[in-house]
Structures are given as structure tokens and as C-alpha cells.
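Enquirer: I am attaching a structure below and will ask some questions about it afterwards.
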Amino acid sequence: MRPEQVERWITEVRFRSYFDAREGDHDRAVALYNWNAEISAAFLEVLYHVEVLLRNAIDQQFPRAPAADAMVSICQPDVWLTDPALLEAASRERVNDAIARIITGSDKRPTRDRVVAALPFGFWRALFIGRYEELWRSHLRHAFPNGNGRRKQVNELLARILPFRNRVAHHEAIFALDLAKQHENLLALTALTDEEARGYVAALSRVPKLLAEEP
């Protein structure tokens, strides 16, 4: 990638952090930029497994209606995602947004499983803040049988993971972060739910190999 191509494809502002990190060596900066994209993709693979495990482990702590694919709507208080006794207004608003996206984007019925899959990571992270201490005690703690039983343990991990996850998802520079620690955080969260799942994700992860190959 030549300098003029960098200006057109990436912009000088975006490329500056890579250029500075490699002391003005253009070729090394391009190599770092490409490596940043590659390790971001590797982290997305890990996040794929961790996020799916997290949301399903949480959802499984709440009883299901007799019909597994029952319509999720504000008219069904037996579905925890729309129950005002369990979730605050801000969380239920995110659920309603997910329902609307399913209906308008795919013209499908917003079943419980579809809504769970459509909810953003921020929704799940918010369930572990202080306001949901009672929900933690009644339901959420059971999703983390290998934890210490304290909401704070999960909350602190998610507080570190969410900003990093968003940087990766928005294709930002992550090369200067402690990526080994971020990888450890993801595996630690997985282990709280299922040690076997942690081993599976760790075995699949390309992150350690790429960390050793940083240009």
C-alpha cells in the first residue's frame, strides 16, 4: 500500500497512530495496520462464542412459556424480557427496539429466541449493574456456577469487555491495548459459566498466535 493509497483508502488521520507507533516507517506502519485488522478478526471470533454463550446462559435462567416460540410482546408478562417486575424501563426499551427491528427488517415473528439473539451486548452487560442486585440473587447468579457468587465479579469483567468489544466492532486501532489481558478477560467470563466451553474457545482462538506475530 503506497502513501497515496493510504491517503485515499484509510485517511492520514486514521493512519497516524500506526505511523507514529512505527516511528515514521511507512512499510512497518502498513504491516501494523494489516495486523490490527487480522487480530481484530480473531477477537471477533472469540467474541462470537462468548456473547452467544453469555446470552443463552442468562436466558436459560428464566422459565419458558408452554410454546417455545411464543410471540414476545408487551402483552405476555410470562416472558421475562418484557416483564416490568424484572427489567427497568431502559432495558425493556432495548427489548422493544429489538422486536421492532425483527418485524420491520425481516418481517418475522419476534419469538423469544429471535429477540434474545437481536439484543445488543450492552443490554446483557447492563443486567449486572447495581440496580439489578435482586435479579442477580433470584436468577442471574445461576448462570455463573463457577463464579464466587457475587455480582461484582461478572460486572467488573463485563465493564472491561464491553468497551473493547465496541472498539473491535467499529474497526478501531487496538494494537496499543493489553490484548493478552483482553483475551484473558473473555476466557475468564466464559469459565464462570462453563469450564468446558472455556477450553473449547481457547483451543479455537487465533489470538495467542497472532500476538506472537505482531510486526
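The values are calculated or read from the model by the stated rules, or taken from the named source; none is laboratory data. The shown structure was predicted, so the numbers you read here are calculated from the model rather than taken from an experiment. Quick reminder, even Gly has a Cβ in these numbers, built from the backbone with ideal geometry, and neighbours come from all protein chains shown. Side chains included, ligands, DNA and RNA excluded: accessible areas come from the protein's heavy atoms. Shrake-Rupley method; radii C 1.70, N 1.55, O 1.52, S 1.80 Å.
Enquirer: Convert 4 °C to kelvin, take the viscosity as 1.567 mPa s, use the Kirkwood radius over C-alpha pairs of the chain as Rh, and evaluate the Stokes-Einstein diffusion coefficient in µm²/s, rounded to a whole number.
Expert: The Stokes-Einstein estimate is 67 µm²/s.
Enquirer: Just to confirm a number: summing +1 for Lys and Arg and -1 for Asp and Glu over residues other than Phe121 whose beta-carbon lies under 12 angstrom from that of Phe121, what do you get?
Expert: Numbers: positive: Arg55, Arg94, Arg125, Arg165; negative: Glu51.
That works out to +3.
Enquirer: Give me, ordered by chain and number, the residues 5 or more places off Ile174 or on other chains with an amide H under 5 Å from its own placed amide H.
Expert: none
Enquirer: Sum up the charges of everything whose Cβ sits under 12 Å from the Cβ of Ile161, counting Lys and Arg as +1 and Asp and Glu as -1, but leave Ile161 out.
Expert: +2
Enquirer: Order these peptides, 83-90, 148-155, by their mean beta-carbon neighbour count within 10 angstrom, highest first.
Expert: 148-155, 83-90
Enquirer: What does the accessible area per residue of the chain come to in Å², with a 1.4 Å probe and no ligands, DNA or RNA counted?
Expert: Each residue of the chain exposes 53 Å² on average to a 1.4 Å probe.
Enquirer: Something else: Could you give me the ³J(HN,Hα) list for the range 199-215, computed from phi with Karplus coefficients 6.51, -1.76, 1.60 and θ = phi - 60°, whole Hz, x at Gly and Pro?
Expert: So the Karplus estimates, Gly and Pro as x, are x, 5, 5, 4, 5, 7, 5, 8, 4, x, 4, 5, 4, 6, 10, 4, x Hz.
Enquirer: Once neighbouring chains are kept in place and the probe is 1.4 Å, which whole percent of the accessible area of the range 18-171 is contributed by carbon and sulfur?
Expert: 51 percent
Enquirer: Considering the chain as a Gaussian network with a 10 Å cut-off on Cα pairs, which listed residue, Thr111, Thr11, Thr193, attains the greatest mean-square fluctuation?
Expert: Top of the fluctuation ranking is Thr11.
Enquirer: Using the Karplus curve 6.51 cos²θ - 1.76 cosθ + 1.60 with θ = phi - 60°, work out ³J(HN,Hα) for each residue of the range 147-162 in order, rounded to whole Hz, and write x for Gly and Pro.
Expert: x, 8, x, 10, 4, 4, 4, 6, 4, 5, 5, 5, 5, 8, 6, 4
Enquirer: Sequence-distant or interchain residues sharing an amide H contact under 5 Å with Thr111, placed H: which?
Expert: Val72
Enquirer: Could I ask something else about it? What number, in percent, do you get for the relative contact order of the chain if the mean sequence gap of Cα pairs under 8 Å and at least 6 apart is divided by its residue count?
Expert: Computed over the chain, the figure is 25 percent.
Enquirer: Could you tally the net charge around Arg141, taking each other residue with its Cβ under 14 Å from the Cβ of Arg141, Lys/Arg +1 and Asp/Glu -1? Could the numbers behind the result be given before it?
Expert: On the way: positive: Arg137, Arg150, Arg151, Lys152; negative: Glu133, Glu134.
Summing Lys/Arg as +1 and Asp/Glu as -1 gives +2.
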